[in-house]
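So the structure is just underneath, and the comments pick up after that.
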Amino acid sequence: MTDAALSLAAEFPPTSYAEWRRLVEAALKGAAFDKRLVSTTYDGLRIEPLYPRAAGARPIAGRAPGAAWTVMQRIDHPDPKAANRQAREDLENGATGLTLVFADSLNANGYGLPATPQALAQVLDGIALEAVTVDLNPSPAMADAADLLAELAKRRGLAPATIGMRAGIDPIGGLAASGVAPAPWRELSARVAAAIRARAAEGYRGPFAVADGRLIHNAGGSEAQELAFVLAAAVDYLRALESAGIPLEAARAMIYFRLAADADQFLTIAKFRAVRKLWARVQAACGLAPQPTIVSAETAWRMMTKRDVHVNMLRATIAVAAAGLGGADDIAALPYTAALGLPDAFARRLARNTQLVLLEESSLAKVADPAAGSGAIEDLTDRLCGAAWGLFQAYDKAGGAWAALEQGLVQRDVAAVRARREAAVAHRTDAITGTSDYPNLQEEAPRVLEAPRVPPRPALGKVAVEPLPSIRLAAPYEALREASDALFEKTGRRPRVFLATLGSPSDFTARATFAKNFYEAGGIESVIKDGFGDHAAMAAAFGASGAKLACLCSSDRVYATQAADAARALAAAGAVVHLAGRPGENEAIWRAAGVRHFIYTGCDALSTLREAHDILRR
């Protein structure tokens, strides 16, 4: 049978959207379709539950069809000799590129190579520069990293055209991350253009200037904000190169992009596709026939956790897969222990192997733009392009990325989204598995290398703006867990909550389980007894537990007749009383009986847990 003769599900009649919607409405039993099945991104983009195939869609030109992305490995050990050993091991075991992270560079995360020529030479000792891709993440003190790498290649007698150097020149990103710059943009842009011209004249292929979106992502920004910023930065660099006399056709190839990849796989795929479409539009506006550029990826710092860190492996796997499917040319995966400290050989190996398995066993790179034609991804890509283009135009109207930073436009936009994102984490509507949800108070932290963090250098410069912060979304919960750990180390006991269960197990099990997870997200240990029918016995058990906080747990049916009396008994025994469940019409009665807080899905968990810590530490 030929492929043309094979029609899957041919025996079934075609089904229309209207028929599908009718069946869905029946299943929802009156619940709102938009509320239950439609979601919205932080850019306000609507995501439907079902999409038809995107007719006429074409693959987006990017990585060569069937070609593997470059497997990058971060080199950020503060000891150059140790970093060299790591780099050799990485390359011997599957990595095909090195990301050299210098101390105080964007996303150094407290570590990094010393900012000296000697350190650069040491870390690359014995490594064949012509056989690997080297992506530089220079710091302000190492702004001449590309020059130093070129000098090293010259001493080795290597032809510049054979060196896969990505220079990482990014003063705009440096200004956004640190808040300072050594000179105004007019002066810096001329320096950037001169440095790039010099490297290109020597025969280096580049690219040289990078538009780095990680700092927007690190600061809690949205996908459209990240895209708009990198596009505005790339256009600033393009104009600087043109002003220095470099033809636009050559200048565009001197610029590349670096984006964050996170565990929202569909948005990540769409974002990596969108940046290529946006850059193609810029090229077309310049009168050029669009050509693909290099797009690099690094898994997101803000999604990393210090608790239940093995979940970071899953997050990284999803992020790498999404970036690869989205067409990234090279990907660096943060090792799963990166938030705890400097990752050891095992964590680095897992970061490498995550990519190698996806490439060599799952064959994710074999198909060019596999998302092409997907109704959901095509729609999301187009909507992201539209949202990002509008923001880009606003930044461009302000004078470009640098000017938008000086005027605080970028910081304002990102801060608004960050506040919404942090509120969603606080209310656990954006769940962090292993941290805000399903925590484990008995977990053991894995090993990291004993390497001191590199203290940040004082930020000095002639230009000052509000810097973009670098956050991890899990950090507020982790602070509570660390306070709990400190108390445990000091006293042998954690903060405790007494779960006051009412009725039979069928009445209280669901809410007691919810409450246990809720409090353990803040490092508060639960004391659980069998269901109480006698409120005096409950109060006595609370007194014997050593806790100061009690949470009533049962069904709405039991609450209706017992919650008020149980709350009064617990309050009389000295408890600060919480209740698991929404209060509804009984709120005033229950508060009058002594209930201080109600815990339920969507409540402000972080605020409640912080207040509980204040109570329990008294």
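Data overview
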| item | result |
| --- | --- |
| Test: residue in segment 76-91 that is in contact with a Phe, Trp or Tyr (Cβ under 9 Å, 6 or more places away or on another chain), of a type in the set (A, V, I, L, M) and buried (at least 22 other Cβ atoms within 10 Å of the Cβ) | no |
| Some residue of segment 96-105 being assigned by TED's automatic domain parsing to the domain that holds ALA338, under 30 Å from CYS385 (Cβ atoms) and touching a Pro at 6+ places or on another chain (Cβ under 9 Å) | yes |
| Within segment 472-512, considering residues that are hydroxyl-bearing (Ser, Thr, Tyr) and farther than 30 Å from VAL558 by Cα, the one surrounded by the fewest Cβ atoms within 10 Å (Cβ to Cβ) | THR491 |
| Residues (in contact with a Ser or Thr (Cβ under 9 Å, 6 or more places away or on another chain) and either of a type outside the set (Lys, Arg) or modelled with pLDDT under 95 (or both)) located in segment 242-265 | SER243, ALA244, ALA253, ILE255, TYR256, PHE257, LEU259, ALA260, ALA261, ASP262, ALA263, ASP264 |
| Given (1) at pLDDT 95 or above; (2) of a type in the set (Asp, Glu); (3) in a loop (DSSP other than H, G, I, E, B), index of the condition ASP369 fails | (1) |
| Any hit, segment 76-92, residues being of a type outside the set (Phe, Trp, Tyr) and either assigned to a strand (DSSP E or B) or in contact with a Lys or Arg (Cβ under 6 Å, 6 or more places away or on another chain) (or both) | no |
| Among (1) buried (at least 17 other Cβ atoms within 10 Å of the Cβ); (2) closer than 21 Å to ILE528 by Cβ; (3) touching a Lys or Arg at 6+ places or on another chain (Cβ under 8 Å), the one test that ALA612 misses | (3) |
| Filter result for the condition that a residue is in a loop (DSSP other than H, G, I, E, B) and touching a strand residue (DSSP E or B) at 6+ places or on another chain (Cβ under 7 Å), over ALA95, ALA146, ALA119 | ALA95 |
| Search result, residues across segment 336-353 that are touching a Ser or Thr at 6+ places or on another chain (Cβ under 7 Å) and closer than 11 Å to GLN73 by Cβ | PRO343 |
| Candidates ARG58, ARG88 - the one that is within 23 Å of LEU325 (Cβ to Cβ) and either basic (Lys, Arg) or in contact with a Gly (Cβ under 7 Å, 6 or more places away or on another chain) (or both) | ARG58 |
| Residue identified as in contact (Cβ under 8 Å) with a residue 12 or more places away in the chain and within 21 Å of ARG349 (Cα to Cα) among ASP76, ASP104, ASP147 | ASP76 |
| Any hit, segment 573-581, residues being touching a residue at least 60 places away in the same chain (Cβ under 8 Å), small (Gly, Ala, Ser) and closer than 13 Å to TYR559 by Cα | yes |
| Verdict on ASP485 being among the acidic types (Asp, Glu) and under 17 Å from LEU175 (Cα atoms) | no |
| Segment 217-259, subset in a helix (DSSP H, G or I) and charged (D, E, K, R), residue farthest from ALA398 (Cα to Cα) | GLU249 |
| Checking ALA515 against (1) in contact with a helix residue (DSSP H, G or I) (Cβ under 9 Å, 6 or more places away or on another chain); (2) surrounded by 22 or more Cβ atoms within 10 Å (Cβ to Cβ), the condition it does not meet | (1) |
| Set ARG352, ARG315: member being assigned by TED's automatic domain parsing to the domain that holds LEU227, closer than 20 Å to ALA87 by Cα, under 20 Å from the mean Cα position of the chain (by Cα) and part of a helix (DSSP H, G or I) | ARG352 |
| THR429 being among the polar types (S, T, N, Q), in contact with a Ser or Thr (Cβ under 8 Å, 6 or more places away or on another chain) and not assigned by TED's automatic domain parsing to the domain that holds GLY173 | no |
| Some residue of segment 273-288 being under 19 Å from GLY62 (Cβ atoms) and part of a loop (DSSP other than H, G, I, E, B) | yes |
| Members of segment 383-402 that are crowded, with 17+ Cβ neighbours inside 10 Å and either assigned to a helix (DSSP H, G or I) or polar (S, T, N, Q) (or both) | ARG383, LEU384, CYS385, ALA387, ALA388, TRP389, LEU391, PHE392, TYR395, ASP396, ALA401, TRP402 |
| Single residue of PRO446, PRO456, PRO469 found to be closer than 30 Å to HIS217 by Cα, surrounded by fewer than 19 Cβ atoms within 10 Å (Cβ to Cβ), modelled with pLDDT of 95 or more and outside the structural domain of ALA567 (by TED's automatic domain parsing) | PRO469 |
| Selection count where residues are among the hydroxyl-bearing types (Ser, Thr, Tyr) and within 20 Å of ALA300 (Cβ to Cβ), scope segment 334-384 | 4 |
| Residue in segment 169-188 that is assigned to a loop (DSSP other than H, G, I, E, B), modelled with pLDDT of 95 or more and either under 27 Å from VAL71 (Cα atoms) or among the polar types (S, T, N, Q) (or both) present | yes |
| Checklist (1) basic (Lys, Arg); (2) surrounded by 15 or more Cβ atoms within 10 Å (Cβ to Cβ); (3) at positive phi applied to LYS29, failing item | (2) |
| Any chance SER607 is touching a helix residue (DSSP H, G or I) at 6+ places or on another chain (Cβ under 6 Å) and more than 13 Å from PHE498 (Cβ to Cβ) | no |
| Total residues in segment 355-377, condition surrounded by 24 or more Cβ atoms within 10 Å (Cβ to Cβ) and closer than 19 Å to ALA87 by Cβ | 1 |
| Filter pass, ALA200 being of a type in the set (A, V, I, L, M, F, W, C), within 29 Å of ILE318 (Cα to Cα) and either out of contact with any strand residue (DSSP E or B) (no Cβ under 8 Å at 6 or more places or on another chain) or surrounded by 24 or more Cβ atoms within 10 Å (Cβ to Cβ) (or both) | no |
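The values are calculated or read from the model by the stated rules, or taken from the named source; none is laboratory data. Just so you know, these numbers come straight off a predicted model, no measurement behind them. Using ideal geometry, Cβ is built from the backbone for each residue, glycine included, and neighbour counts are taken over all protein chains shown.
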